[in-house]
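The values are calculated or read from the model by the stated rules, or taken from the named source; none is laboratory data. Because the structure is a prediction, the values reported are computed rather than measured. Note that we place each Cβ from the backbone using ideal geometry, even for glycine, and neighbour counts take in every protein chain shown. Accessible surface areas use protein heavy atoms only, side chains included; no ligands, DNA or RNA. Shrake-Rupley method; radii C 1.70, N 1.55, O 1.52, S 1.80 Å.
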Amino acid sequence: MSSEIRDINLAESGEKKIEWVKRNCDLLRTLEKEFSESKPFAGKKVTLSVHLEAKTAYLCLVLAAGGAEMYVTGSNPLSTQDDVAAALVKAGLEVHAWYGATPEEYETHIRHVLEAEPNIIIDDGGDLVTMVHKEMPQLIPNIIGGCEETTTGIIRLEAMNKAGELKFPMVRVNNAACKHFFDNRYGTGQSVFDGINRTTNLIVAGKIVVVAGYGWCGKGTAMRAKGLGARVIVTEIDPIKAIEAVMDGFDVMPMKEAAKVGDFFITVTGCDGVIDQEDFAVMKEGAILCNAGHFDCEIDMAWLKANAVEKKEQRKNIMGYKLPTGQWIFVLAEGRLVNLAAGDGHPAEIMDMSFAIQALSAKYLVEHSSELTQKLIDVPEEVDRDVAKRKLAFLGKEIDVLTPEQEKYLNSYAV
């Protein structure tokens, strides 16, 4: 099947973006060289659904350098960059994606990359895995396994596994230390405000920022909001995380109370209905809402679209909704991922670690396919630590090494 993209003539712009990413991704450059020599994916088909921008594109090229036959789509209709998709097609990969795809087009693109009958799946949010199990089970015998990038995707996988429905091994990439400690915390924290600031052109300092959810993404978002001078309120359902937020210096309250005072609202929970009609009704005139979770259900967009008395686009990626209660509120990027739908996603150096974990996890699946018995597996510790050691070296830093006597001391119960 031939690629389905918006315009191949955009390739030059995409190539420049990918080249910039490559310059700033030391780990992936090293893996590209190693894979080019060892060809760990020779004869293997890899289907990938990740936010289709330059960093993802470079991951695809690294896997292709390792011999993989790549079939690529995006994991969000508003995060696909058409010039990057064109650059991948020009490089010889098959791509099915374009910016602004309708739900039907998005689903068709997912289906088309799966029709290649992949051996490895690299997923972001679980849409590939879900479609295989629900609509294309004939593909399952051919699938060695896959990797899942996000918290949301892992939640879906764990539910499938608990129900006994997950039929092939999936690596929980998001659970790797070199992924969630840095990608979720520092990557999300910076990229969320990159998206907010470039979209709104408003100051954050002095504003009240409400962060819904205090997982790793929420921690990073709250930290960056504080660094920009905001007063930060955290909403949570977990009492332990709530205490952590308090001790990190943030106020904590239910959303119903936070809704009355917030200027910016950022959802990072992975749940639906986090901000609903009751919350909308008490918000300030001009409150700005955005989502940094995975799906566009954390803010109740369906209610807003159905019940707003007036709707007006303010500028690109800002839609205003006049509520029945009289005030206007503004939603960024249609309630989709603000850092990708209204920005370029996480910084290149951060995704260098996350995508190195992805690439090495895929390699692990190929090399250990006959040994894998569990359906949900963690990134092997040796892979995690290898990535950390390499990254530390690229940062120009060294650490201490235990002496044999120290190792003996730490591993002995007798002091």
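Checking the conditions here, which among 399, 350, 377 is in contact with a Phe, Trp or Tyr (Cβ under 6 Å, 6 or more places away or on another chain) and β-branched (Val, Ile, Thr)? Spell out how you get there, then give the answer.
Working: 399 fails: in contact with a Phe, Trp or Tyr (Cβ under 6 Å, 6 or more places away or on another chain); 377 fails: in contact with a Phe, Trp or Tyr (Cβ under 6 Å, 6 or more places away or on another chain).
Exactly one of 399, 350, 377 is in contact with a Phe, Trp or Tyr (Cβ under 6 Å, 6 or more places away or on another chain) and β-branched (Val, Ile, Thr), namely 350.
Taking the condition of being touching a helix residue (DSSP H, G or I) at 6+ places or on another chain (Cβ under 6 Å) and of a type outside the set (Asp, Glu), how many residues in region 70-88 meet it? Even if it seems obvious, please write down each step before you answer.
At the first step, the residues of region 70-88 found to be touching a helix residue (DSSP H, G or I) at 6+ places or on another chain (Cβ under 6 Å) are 70-73, 77-79, 82-84, 86-88.
Pick out the ones that are also of a type outside the set (Asp, Glu) and you get 70-73, 77-79, 84, 86-88.
So the count comes out to 11.
State yes or no: is residue 31 under 15 Å from residue 356 (Cα atoms), out of contact with any strand residue (DSSP E or B) (no Cβ under 8 Å at 6 or more places or on another chain), aliphatic (A, V, I, L, M) and open to solvent by 20 Å² or more (accessible area, probe 1.4 Å)? Steps first, please.
Numbers: under 15 Å from residue 356 (Cα atoms): yes; out of contact with any strand residue (DSSP E or B) (no Cβ under 8 Å at 6 or more places or on another chain): yes; aliphatic (A, V, I, L, M): yes; open to solvent by 20 Å² or more (accessible area, probe 1.4 Å): no.
No: the conditions fail for residue 31.
In region 229-267, what residues are crowded, with 17+ Cβ neighbours inside 10 Å and assigned to a loop (DSSP other than H, G, I, E, B)?
Within region 229-267, 230, 236, 250, 259, 262, 263 qualify.
Of all residues in region 173-209, which are under 13 Å from residue 226 (Cα atoms) and open to solvent by 30 Å² or more (accessible area, probe 1.4 Å)?
Across region 173-209, the qualifying residues are 190, 203, 205, 206, 207.
Among the residues of region 67-104, which ones are surrounded by 24 or more Cβ atoms within 10 Å (Cβ to Cβ), assigned to a loop (DSSP other than H, G, I, E, B) and among the small types (Gly, Ala, Ser)?
68, 74, 75, 79, 97
Mind counting the residues in region 269-285 that are in contact with a Lys or Arg (Cβ under 9 Å, 6 or more places away or on another chain) and either surrounded by 22 or more Cβ atoms within 10 Å (Cβ to Cβ) or under 27 Å from residue 183 (Cβ atoms) (or both)? Even if it seems obvious, please write down each step before you answer.
Of the residues in region 269-285, the ones in contact with a Lys or Arg (Cβ under 9 Å, 6 or more places away or on another chain) are 278-279, 282-284.
This time we only want the ones that are either surrounded by 22 or more Cβ atoms within 10 Å (Cβ to Cβ) or under 27 Å from residue 183 (Cβ atoms) (or both), so: 279, 283.
Residues flagged as in contact with a Lys or Arg (Cβ under 9 Å, 6 or more places away or on another chain) and either surrounded by 22 or more Cβ atoms within 10 Å (Cβ to Cβ) or under 27 Å from residue 183 (Cβ atoms) (or both) within region 269-285 amount to 2.
For region 359-385, what are the residues that are among the hydroxyl-bearing types (Ser, Thr, Tyr) and surrounded by 12 or more Cβ atoms within 10 Å (Cβ to Cβ)? Lay out the reasoning, then the answer.
Here is the first cut: in region 359-385, the residues among the hydroxyl-bearing types (Ser, Thr, Tyr) are 361, 364, 369-370, 373.
Within region 359-385, 361, 364, 369 meet the criteria.
The rows are residues; the columns are (1) closer than 28 Å to residue 276 by Cβ; (2) more than 16 Å from the chain's Cα centre (by Cα).
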| position | (1), (2) |
| --- | --- |
| 295 | yes, no |
| 335 | yes, no |
| 343 | yes, no |
| 359 | no, no |
| 364 | no, yes |
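Considering only residues that are of a type outside the set (Asp, Glu), open to solvent by less than 80 Å² (accessible area, probe 1.4 Å) and outside any helix (DSSP H, G or I), which ones fall in region 1-28?
Residues of region 1-28 that are of a type outside the set (Asp, Glu), as a first pass: 1-3, 5-6, 8-11, 13-14, 16-18, 20-25, 27-28.
Cutting the leftovers down to open to solvent by less than 80 Å² (accessible area, probe 1.4 Å) gives us 3, 5, 10-11, 13-14, 17-18, 21-22, 24-25, 27-28.
Matches in region 1-28: 3, 5, 24, 25.
Do we have residue 330 as in contact with a strand residue (DSSP E or B) (Cβ under 9 Å, 6 or more places away or on another chain) and not in a helix (DSSP H, G or I) here? Walk me through how you get there before you give the answer.
On the way: in contact with a strand residue (DSSP E or B) (Cβ under 9 Å, 6 or more places away or on another chain): yes; not in a helix (DSSP H, G or I): yes.
When the stated conditions are applied, residue 330 passes them.
Restricting attention to region 214-228, report how many residues are open to solvent by 10 Å² or more (accessible area, probe 1.4 Å) and either among the β-branched types (Val, Ile, Thr) or in contact (Cβ under 8 Å) with a residue 12 or more places away in the chain (or both).
8
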